[in-house]
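One structure is given here, and the rest of the page talks about it.
The values are calculated or read from the model by the stated rules, or taken from the named source; none is laboratory data. Since the model is a prediction, treat every value here as computed from it, not as a measurement. FYI the Cβ positions are ideal-geometry reconstructions off the backbone, even for glycines, and counts take in every protein chain you see. Surface accessibility is based on the protein's heavy atoms, side chains included, excluding ligands, DNA and RNA. Shrake-Rupley method; radii C 1.70, N 1.55, O 1.52, S 1.80 Å.
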Amino acid sequence: MANSMTQHVIRNEQASMPCLIESVTGVWKFHNWSDERIYAYSPPGHLFHYMISGSYHLQTNGREYDIKPGQVIYYHEVEEVTVECGDEPIEFYSIGFSAPDWPTLPLSMRVFHGGGVFRKLFSAAYDAFSNSGQLVNQARLSANLYRLLELVENRRDKIEPLGKTNHSLWWEVENTLIRNRNFHASIDDMTGIALVSRSTLNRICNSATGLSPRQRVIQLRMNHARGLLRYSSLSVSLISKLMGYSRVNEFSREYSKIIGMPPSRDRKAGR
């Protein structure tokens, strides 16, 4: 009888599965932008927008889009953004989160049609984050964000690209640098990514950004540092080390040259 009652355990030999999402930066609902031209940078990490109402013209990563209700917009790390709003107010949800192991969406998938199911997920995540002091709402927030990522993954590489593209080769190079956080990339690093000569690399970068490749890499480095200053509690000293500087004075001097003010003052201005 004892032998017939023996329990058999079925083991899954697969290694443990890590959780994709480390933290949620915030879930917001923005509205009432109208008749403005806005220059901004997306925060570090991943960022999704869902357009609720209104419309605007978006320029980012060398692409242009006419954003309309029902569309989802994605940004990764610190990306330059230009928004031109019309006469009508706009309203959209925004979700920022850290997930270093989640693959960045390709540039061709940065804007896509979401529809009602995405709106429900953004709305539920916003409600949960607004009351995140309760454990049940923290669980709801995580569940909705993971469901959002599941839907996006199911659509990866299947979405018809939107928008007009300019200088696509350089933006692919830049996106690779940002994705790998290679903010001290050499010319050889970049020619290796683009598979072009040094002269061609210089030409496509200058045509896309108005800068040389070296100047653009420094700008990307300072833009990323600025995102950390404004959206994290890391000290200026630690950020300078993360950006590859052995001395904080050297970092501050280069930051001031590119951004226009020292890091400590810029942090105060952004809060």
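Here the chain is assigned +1 on the Cβ of each Lys and Arg and -1 on the Cβ of each Asp and Glu. Its dipole about the Cα centre then comes out at about 680 debye. Cβ-Cβ distance of SER23 and GLN219, R₀ of 25 Å, FRET efficiency by 1/(1 + (r/R0)^6): the value works out to about 0.40.
Between ASN154 and SER98, the modelled label-to-label distance comes to 3.0 nm, taking each label 7 Å out from Cα in the direction of the beta carbon.
Heavy-atom accessible area, probed at 1.4 angstrom with all protein chains present, ranks ARG203, ARG155 as ARG203, ARG155, highest first.
Split the accessible area of region 158-255 by element, probe 1.4 Å, and carbon with sulfur accounts for 46%.
HIS57 sits among other residues whose Cβ lies under 9 Å from its own Cβ, and their net charge, with Lys and Arg +1 and Asp and Glu -1, is -3.
Quick check on my link table: of LYS68/LYS120; LYS68/LYS268; LYS120/LYS268; LYS29/LYS257, which ones sit more than 27 Å apart, alpha carbon to alpha carbon? Over 27 Å apart, Cα to Cα: LYS68/LYS268; LYS120/LYS268; LYS29/LYS257.
You can think of it this way: the chain between TYR39 and ARG147 has 35.8 nm of extra reach, that is 0.36 nm per residue less the Cα-Cα gap. Modelled this way, with points 7 Å down the Cα-to-C-beta line, the labels at SER212 and ARG265 are 2.8 nm from one another.
Anisotropy class assigned to region 19-136 is oblate, per the alpha carbon gyration tensor with a/c at or over the 1.5 cut-off and a/b no larger than b/c. Ordered from largest to smallest accessible area (heavy atoms of protein chains, 1.4 Å probe), the residues HIS224, HIS113, HIS184 come out as HIS113, HIS184, HIS224. In percent, rounded to a whole number, the relative contact order of the chain is 17, using alpha-carbon pairs under 8 Å and six or more apart. Label separation (HIS31 vs THR82): 3.0 nm, computed from points 7 Å beyond Cα along the C-beta direction. SER34 exposes around 40 Å² of accessible area when a 1.4 Å probe is run over every protein chain in place. When the Cα gyration tensor is reduced to axis lengths a ≥ b ≥ c, the ratio a/c is 1.5 or higher for region 138-271, and with a/b not above b/c it is classed as oblate. Ranked by solvent-accessible area (1.4 Å probe, protein heavy atoms only, all chains present), the residues SER212, SER235 order from largest to smallest as SER235, SER212. Would you look at the GNM of the chain, springs on alpha carbons closer than 10 Å, and say which of GLY70, GLY45, GLY115 moves the most? Result: GLY115 has the largest fluctuation of those listed.
The residues neighbouring VAL72, those whose beta-carbon lies less than 10 Å from its own, together hold a net charge of +3 under the Lys/Arg +1, Asp/Glu -1 convention. Count Lys and Arg as plus one, Asp and Glu as minus one, and take only other residues whose Cβ is under 13 Å from that of THR82; the net charge is then -3.
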